[in-house]
Amino acid sequence: MKKKIIALILILLVAGLGIFFYKTNKKDTSNDLTLYGNIEIRQVDLSFLAGGQVSKLLKEEGDTVKKGELVATLDSRDYEANYNKAIADVERTIALKDDALEKYNRNEPLSKAGAVSKQDVETFQQ
């Protein structure tokens with residue numbers, strides 16, 4: 001009787017293992033299509049926050065690129081020239097303001113004495 005029970009347990013164990021391996025190795029027969037191969041990208045569109053010519057490429061063809069990673073830099077000469085012009089314009093405006101204030105301070109007492117008209121003081125002209 002013991003031999004029959006051991007034989008029955010072994011048969012159930014083998015059957016259980018057989019069912020387990022059958023279920024785990026069973027191919028999915030749904031409508032999925034699996035293809036293997038390489039994808040080659042022939043052209044990639046890059047966009048910059050500003051226009052200009054590319055001065056340096058930091059990545060080569062085939063390199064991995066992560067989202068937000070710097071790929072190329074633009075020539076900065078135009079932007080530096082615009083920046084320097086803006087600085088010069090600010091300095092010019094400050095110089096004009098200082099000149100106008102100096103003329104006002106010089107002509108205001110003369111206007112009170114009647115040597116210069118009030119209009120000349122208001123327009124900062126002699």
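The values are calculated or read from the model by the stated rules, or taken from the named source; none is laboratory data. Since we're looking at a predicted model, the values are computed, not measured. As a convention, Cβ positions derive from the backbone with ideal geometry for all residues, glycine included, and neighbour counts pool all protein chains shown.
Structure notes:
- Among the residues here, Asp89 qualifies as over 18 Å from the mean Cα position of the chain (by Cα), part of a helix (DSSP H, G or I) and at negative phi.
- Among the residues of the stretch 69-84, those that are in a loop (DSSP other than H, G, I, E, B) and surrounded by 11 or more Cβ atoms within 10 Å (Cβ to Cβ) comprise Val71, Asp75, Ser76.
- Residues that are among the polar types (S, T, N, Q) and farther than 30 Å from Lys56 by Cα, drawn from the stretch 73-119: Thr93, Asn105, Asn107, Ser111, Ser117, Gln119
- Which numbered condition Ser111 fails, given (1) modelled with pLDDT of 80 or more; (2) in contact with a Ser or Thr (Cβ under 8 Å, 6 or more places away or on another chain): (1)
- Selection status of Asp78, closer than 26 Å to Gln53 by Cα and acidic (Asp, Glu): yes
- Per the listing Tyr83, Tyr104, the residue uniquely aromatic (Phe, Trp, Tyr) and farther than 30 Å from Gly52 by Cβ is Tyr104.
- When Lys56, Lys26, Lys67 are checked against the criterion of being on the phi < 0 side of the Ramachandran plot, modelled with pLDDT under 75 and out of contact with any helix residue (DSSP H, G or I) (no Cβ under 6 Å at 6 or more places or on another chain), Lys26 stands alone in meeting it.
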